[in-house]
Amino acid sequence: MFKPLPLFIGLRYTRAKRRNHFISFISLSSMLGIALGVTALITVLSVMNGFEKELRHRMLGMSAHVVVNTLDNYWSDWEPLAEKLATKPHVIGIAPFIQGQAMVTYNKNVEGTFLQGISPQYEPQVSKVKDKMIIGELDNLQSGKFNLILGTELARTLGVGMGDKVTLVVPQASVTLVGLLPRMKRFTIGGIFNIGMHEFDSGLVLLHLDDAAKLLRMPAGSVNGLNIKLDDMFIAKPFSTELQKQLPFGYYSYDWSYRHKNFFEAIKMEKTVMFVILTLIVAVAAFNIVSTLVMVVTDKQADIAILRTLGATPSTIMMIFMVQGVLIGIFGTMLGLGGGIGLALNIETVVPAIEHFFNVQFLSSDIYYISDLPSDLRWFDVYKIAGLSMVISLLATIYPAWQASRTQPAEALRYE
């Protein structure tokens, strides 16, 4: 069978027993170093992808994909626009809302909250709050009853439960005989939800649309905006851009990526930084390839000289030693791919086993949004990491192979 000369000799050198076992050790360490780097890259990126995916789904469980607002503070005739938007492709839900800020007080406990007036009839179309109720029901929010629903962390901080009465204080003053006083209203706890994110569970209060309008002194039936849910969250940006062109003057729209832009940009930057840092592990292993090939070239000076006298060109000599370095990179990359893919696919089983064995918890639910390690293996990342590892391994072989090609036969054989 025909084999190119550089490949044949390179494979022969790789398979043959070396007289210098130290060279073999460095080759093995290079291979394991590349495998470790590739495994770490795939695993860490998969975990970060999993965190991003989980947080995105939790956020969008309470946030709309697209929001329509007005340049005015509110508008009353929102139903015709909502009916028109409901006929657009990809729209699966629309719900009106009123937003504001307030302080909720109970006994001596005071907490700042984000106030959101919703319609129990429409809200399940755009959020999952109805499915996240652990005490009470969303339908307990009835017009004129002045009930409210809050998150588990906020309820725990205030020390309130079902049926307790709290006071909402909004940053709007009422003129009285004794001067300006903040506006406040007593509400009854009608339910408690648990979204699984600190942002919502500790800082969000839901009340009926009509009650919110009365509290904030807005005209009856008016809203601040419309939440829109789509059948695909990833088309929200082009949908919002196209919708903006069709909205009447005085209205504007934005999508979830703009609303949470800083959060997801921070995750994107962290992924980039982690990718660069972990790539350095592969680069350090590649330096071992340089060391290995430099010592092999020194050890094979006589062989190189003989090949040159038999007619081998400098490029042939160079390719012989590049084959050795590339083989180390290939085997190391394959080992890393196997370890990384296997670990990424089973991280949700491996981590709990480690936590149970050592009796530790890596992510406390009291501190972090997510108490387990989710994983989302993306094959594009795997291909990118494998390609990068191979390129680094190839680059590491160039200098020692070039040095081998410059060997002069007379000088190499002078003392043989």
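Total residues in the range 231-258 satisfying the condition of being in contact (Cβ under 8 Å) with a residue 40 or more places away in the chain, touching a helix residue (DSSP H, G or I) at 6+ places or on another chain (Cβ under 9 Å) and in a helix (DSSP H, G or I): the figure is 5. As an exercise: evaluate VAL91 against (1) at pLDDT 75 or above; (2) farther than 28 Å from MET197 by Cβ; (3) touching a Leu at 6+ places or on another chain (Cβ under 9 Å); (4) among the hydrophobic types (A, V, I, L, M, F, W, C) and give the number of the one condition it does not meet. Condition (2) is where VAL91 drops out.
Residues that are buried (at least 19 other Cβ atoms within 10 Å of the Cβ) number at least 3 in the following strands (runs of 3 or more DSSP E) confined to the range 32-143: 66-70, 91-106, 109-118. In the set (1) touching a Pro at 6+ places or on another chain (Cβ under 7 Å); (2) closer than 18 Å to ARG56 by Cα, ASP255 fails one condition alone, (1). The selection criterion, being closer than 20 Å to ALA40 by Cα, part of a helix (DSSP H, G or I) and modelled with pLDDT of 80 or more, holds for ILE341.
Looking for something surrounded by fewer than 17 Cβ atoms within 10 Å (Cβ to Cβ) and within 21 Å of ASN49 (Cβ to Cβ) - is there at least one such residue anywhere in the range 304-313?
no
LYS261: of a type in the set (Lys, Arg), at negative phi and surrounded by fewer than 18 Cβ atoms within 10 Å (Cβ to Cβ), yes or no? Spelling it out, LYS261 is indeed of a type in the set (Lys, Arg), at negative phi and surrounded by fewer than 18 Cβ atoms within 10 Å (Cβ to Cβ).
Kindly evaluate TYR383 against the criterion of being assigned by TED's automatic domain parsing to the domain that holds LYS300, modelled with pLDDT of 90 or more and either on the phi < 0 side of the Ramachandran plot or touching a Leu at 6+ places or on another chain (Cβ under 9 Å) (or both). Spelling it out, TYR383 is indeed assigned by TED's automatic domain parsing to the domain that holds LYS300, modelled with pLDDT of 90 or more and either on the phi < 0 side of the Ramachandran plot or touching a Leu at 6+ places or on another chain (Cβ under 9 Å) (or both).
Checking the conditions here, which among LEU377, LEU373 is closer than 30 Å to ILE195 by Cα, surrounded by 13 or more Cβ atoms within 10 Å (Cβ to Cβ) and modelled with pLDDT under 80? Break it down into steps so the answer makes sense when it comes.
Working: LEU377 fails: modelled with pLDDT under 80.
Exactly one of LEU377, LEU373 is closer than 30 Å to ILE195 by Cα, surrounded by 13 or more Cβ atoms within 10 Å (Cβ to Cβ) and modelled with pLDDT under 80, namely LEU373.
The one condition from (1) part of a helix (DSSP H, G or I); (2) modelled with pLDDT of 75 or more that GLU355 does not meet is (2). Among the residues of the range 331-362, those identified as surrounded by 16 or more Cβ atoms within 10 Å (Cβ to Cβ) and closer than 30 Å to PRO4 by Cα are PHE331, GLY332, THR333, MET334, LEU335, GLY336, LEU337.
Total residues in the range 278-296 satisfying the condition of being buried (at least 21 other Cβ atoms within 10 Å of the Cβ) and either of a type in the set (Val, Ile, Thr) or not in a helix (DSSP H, G or I) (or both): the figure is 4. Taking (1) more than 24 Å from the chain's Cα centre (by Cα); (2) among the aliphatic types (A, V, I, L, M); (3) over 30 Å from ALA64 (Cβ atoms) in turn, LEU278 satisfies each apart from (1). The residues listed here are LEU115, LEU85; of these, the one that is closer than 20 Å to ILE189 by Cα and assigned by TED's automatic domain parsing to the domain that holds ASP139 is LEU115.
The values are calculated or read from the model by the stated rules, or taken from the named source; none is laboratory data. Since we're looking at a predicted model, the values are computed, not measured. Glycine gets a Cβ as well: all are built from the backbone with ideal geometry, and neighbour counts include every protein chain shown.
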